[in-house]
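Notes follow once the structure below has been shown.
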Amino acid sequence: MEVEYRYILKPLDRKYIKDILESTKVFYDYEIKIALEILDEYYQKEEQCGYYFILAEVEGKVIGYVNYGPVPCTQTSWDIYWIAVRKDIMSKGIGSELIAIAEERIRKMKGKNIWVETSARKDYLPTRTFYEKMKYAIAAELKDFYAPDDHKVIYHKAL
């Protein structure tokens with residue numbers, strides 16, 4: 001499988017990304033709606049909106065993506081907002097490559113800190129394991145943040 005990476009969104013990408021997010025079976029409908037709202041904002045304003053994307057595709061079809069951007073009111077901090085790979089091809093290194101490319105692009109834009117937040121729910125264990133494999137460390141855990149017994153886990157990586 002030859003994976004290509006690109007940085008500009010095309011109109012059809014919205015459907016691919018929606019399908020990818022739904023395929024993971026971990027995101028709630030309202031979370032997917034927010035991810036799509038970010039895409040819509042990008043389509044209207046492009047990089048002026050403060051969001052960046054890297055898309056992984058095979059034979060012209062998007063199979064994974066990462067969405068990131070600078071943290072407002074900071075000088076060198078960046079957030080990774082979304083990362084997802086189609087469920088049927090997870091664990092093939094695509095997510096790792098997306099993160100590595102995002103980190104390099106953030107580094108080139110003078111970023112020094114990357115922050116990622118995720119859920120502490122049991123079904124997010126593979127996600128947390130992924131971040132830890134990529135050398136992100138838990139910086140904080142906010143109890144009952146999303147819902148009772150659904151804590152927010154904040155990861156950090158210094159570049």
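A short reminder: the numbers here are calculations on the coordinates, not readings from a lab. Just so you know, these numbers come straight off a predicted model, no measurement behind them. Glycine also receives a Cβ, built like all others from the backbone with ideal geometry; neighbour counts cover every protein chain displayed.
The table for this structure:
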read-out	value
Candidates Thr74, Thr24, Thr118, ranked by Gaussian network fluctuation over the chain, Cα under 10 Å, top entry	Thr74
Value at 222 nm in deg cm²/dmol, rounded to 500, when DSSP H runs of n ≥ 4 in the chain each add -39,500 (n - 2.57)	-10500 deg cm²/dmol
Neighbour net charge for Gly111 - beta-carbon separation under 11 angstrom, K R +1, D E -1	+3
Summed residue charge, Cβ within 12 Å of Val62's Cβ, Lys/Arg positive, Asp/Glu negative	+2
³J(HN,Hα), Karplus 6.51/-1.76/1.60, whole Hz, each residue of segment 140-152, x for Gly, Pro	6, 9, 9, 5, 6, 5, 7, 5, x, 6, 10, 7, 8
Computed FRET value (nearest 0.05) for Ser96 with Asp150, which takes r as the C-beta separation and R₀ as 35 Å	0.85
Computed label-point distance, nm, for sites Lys110 and Gln44 using a 7 Å Cα→Cβ extension	2.9 nm
Most fluctuating residue given options Met109, Met134, Met90, as computed from a GNM of the chain linking Cα atoms under 10 Å	Met109
Cα centroid of segment 88-143 to Cα centroid of segment 26-85, whole Å	14 Å
Most to least packed among 38-44, 13-19 [average Cβ atoms within 10 Å]	13-19, 38-44
For segment 4-158: rounded, prolate or oblate by the Cα gyration tensor [a/c cutoff 1.5]	rounded
Computed FRET value (nearest 0.05) for Glu31 with Glu59, which takes r as the C-beta separation and R₀ as 30 Å	0.60
Label-to-label distance, nm, for residues given as Gln75 and Leu12 (7 Å Cα→Cβ offset)	4.5 nm
